[in-house]
Amino acid sequence: MSTPLLAIIGGSGLYDLPGLTDTRWETVSTPWGAPSDQIFRGRLGQAELAFLPRHGRGHRIPPSEVNYRANIAALKQLGATDVLSLSAVGSLRADLPPGSFVVVDQFIDRTTQRAGSFFGTGLVAHVSLAHPVCPRLGSHVTAALQAQGVPHVRGGTYLAIEGPQFSTLAESQLYRSWNCSVIGMTNMPEARLAREAELCYASVGMVTDFDCWHPAHDAVTVDAVIQVLLGNAQTARTLVASLAETITQDASAAACPCRHALDHALITAPDARDPAMVQRLRGVAGRVLR
Ligand SMILES: CSC[C@H]1O[C@H](OP(=O)(O)O)[C@H](O)[C@@H]1O
Ligand SMILES: Nc1ncnc2[nH]cnc12
């Protein structure tokens, strides 16, 4: 069995990953530009880890300006096999109070200003997003949360807004009527791009607030988000440690359908492909670009 490389994308409040050995910060450049920051590499037991702070150390980059393509491409270039996103989210359900963890399994994308694909003119591809997260990785995450006794639910729809402003009351109520569980600003297009790059992707939403719809709670503020997140950060780190151990023992990973997402996705005829585009795509789609 080949050694997996578990990548963690840390969201608001998660800018480092203590407890690793053999650590270093690596600079990675990609055909899509620079990722949000250097990537922190290290080992945890048998597992190789890569950690990328989504907004950069110090939280310099707003959700609309995160270079999602560079982030995913950089992790792929380093050899990542599995990507876990850890994100602060607002709750759209009364039974998901701050402190809950949600193993997200669906998305509704209301973002408007972001590059959402590695492909384009010169090489067109259409991957399936029907099941946008990896059920195998999601099972490991859920088992780890269960073992830690963290209040969590498996499954839930993440509503992605453009931000940076939080939602209006009418929007928040609309998203509730759509049966969404949580709201955030970053998991799209990240999940789309991970699928195109054939990475197993899972997302844990760490609930920090009730957005603005709950009559008994104040509307969300950054202060409230950070206060809850500081309480959650240690749980998130323990989750990573537990996940790092279980994924090294998963012999079924190599056959995971996420890792073959491009098998039937490319539609541009080989002789009609733009060689420059093909070259640019080698880092993320090289497996199917012989
Ligand atoms: C600080 S509250 C809003 C901010 O937090 C979430 O970030 P992330 O998903 O990276 O944890 C949300 O999406 C917004 O970017
Ligand atoms: N209510 C909210 N809306 C959007 N992103 C968030 N991140 C944390 N809470 C949020």
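The values are calculated or read from the model by the stated rules, or taken from the named source; none is laboratory data. Bear in mind the structure is a predicted one, so any value in this text is a computation, not a measurement. Cβ sites come from the backbone with ideal geometry, for glycine too, and all protein chains shown count toward neighbours. Ligands, DNA and RNA are excluded from the accessible area calculation, which covers all protein heavy atoms including side chains. Shrake-Rupley method; radii C 1.70, N 1.55, O 1.52, S 1.80 Å.
Calculate the length of the line joining the C-alpha centroid of the range 20-42 to that of the range 125-185, in whole Å.
Going from one Cα centre to the other spans 26 Å.
I need the chymotrypsin sites (Phe, Trp or Tyr not before Pro) found in the range 160-250, filtered to DSSP loop residues with at most 16 other beta carbons within 10 Å of theirs.
Trp178
Among Trp178, Gln165, Leu193, whose Cα sits farthest toward the positive end of the charge dipole of the range 154-212 (+1 at Cβ of Lys/Arg, -1 at Cβ of Asp/Glu, about the Cα centre)?
So the residue we want is Trp178.
Which value, in Å to one decimal place, does the Kirkwood hydrodynamic radius take for the chain when every pair of different Cα atoms is included?
Evaluated on the chain, it is 19.2 Å.
Toward the positive end of the charge dipole of the chain, about the Cα centre and with charges on Cβ (Lys, Arg +1; Asp, Glu -1), which of Ala241, Ser64, Gly42 goes farthest?
With unit charges placed on the Cβ atoms, the residue in question is Gly42.
Separation between the Arg273 and Asn179 pseudo-spin-labels, each 7 Å from Cα along Cα→Cβ, expressed in nm?
3.9 nm
Take the Cα gyration tensor of the range 176-243, multiply each eigenvalue by 5, square-root it, and list the three semi-axes largest first, rounded to whole angstrom.
Working: eigenvalues 126, 70, 19 Å².
Ellipsoid semi-axes (Å, largest first): 25, 19, 10.
Suppose the chain between Gln249 and Gln234 were pulled fully straight at 0.36 nm per residue; how much longer would it get relative to their current alpha carbon spacing? Walk me through the intermediate numbers first.
Details: separation 15, 0.36 × 15 = 5.40 nm, distance 2.38 nm.
Separation in residues times 0.36 nm, less the Cα-Cα distance, equals 3.0 nm.
Mind checking the per residue accessible area of the chain for me, 1.4 Å probe, whole number of Å²? The partial results should precede the final answer.
Working: 12200 Å² over 290 residues.
Here the per-residue accessible area is 42 Å².
Measure off, as a whole percent, the carbon and sulfur share of the 1.4 Å-probe accessible area of the chain, all protein chains present.
53 percent
Under a Cβ-only charge scheme (Lys and Arg +1, Asp and Glu -1), can you give me the dipole magnitude of the chain about the Cα centre, in debye to the nearest 20?
Magnitude of the dipole: close to 580 debye.
Over the range 164-220, what is the mean sequence separation of C-alpha contacts under 8 Å (at least six apart), divided by residue count, expressed as relative contact order in percent?
41 percent
Average projected area of the Cα convex hull of the range 225-282, in nm²?
Projected area, direction-averaged: 7.6 nm².
Which distance in nm do the two modelled labels at His264 and Ala34 give, with both placed 7 Å along the Cα-to-Cβ direction?
Each label point is offset 7 Å from its Cα along the Cβ direction, giving 4.2 nm.
Taking only DSSP H segments of four or more residues, each worth -39500 (n - 2.57), what value at 222 nm results for the chain once the sum is divided by all its residues, to the nearest 500 deg cm²/dmol?
Helix contribution divided over all residues of the chain: -9000 deg cm²/dmol.
Using per-residue counts of other Cβ atoms within 10 Å, averaged over each peptide, order 87-93, 150-156 from highest down.
Those peptides, ordered most packed to least, come out 87-93, 150-156.
Under a 1.4 angstrom probe, counting protein chains only, how are Asp250, Asp22 ranked by accessible area, largest first?
Asp22, Asp250
What is the dipole size for the range 1-95, taken about its Cα centre, with +1 at each Lys and Arg Cβ and -1 at each Asp and Glu Cβ, in debye to the nearest 20?
Computed charge dipole of the range 1-95: roughly 140 debye.
Given the options Ile9, Pro151, Val220, identify the residue whose Cα lies farthest towards the positive end of the charge dipole of the range 5-284 (+1 on Cβ of Lys, Arg; -1 on Cβ of Asp, Glu).
Among Ile9, Pro151, Val220, the one farthest towards the positive end of the dipole of the range 5-284 is Ile9.
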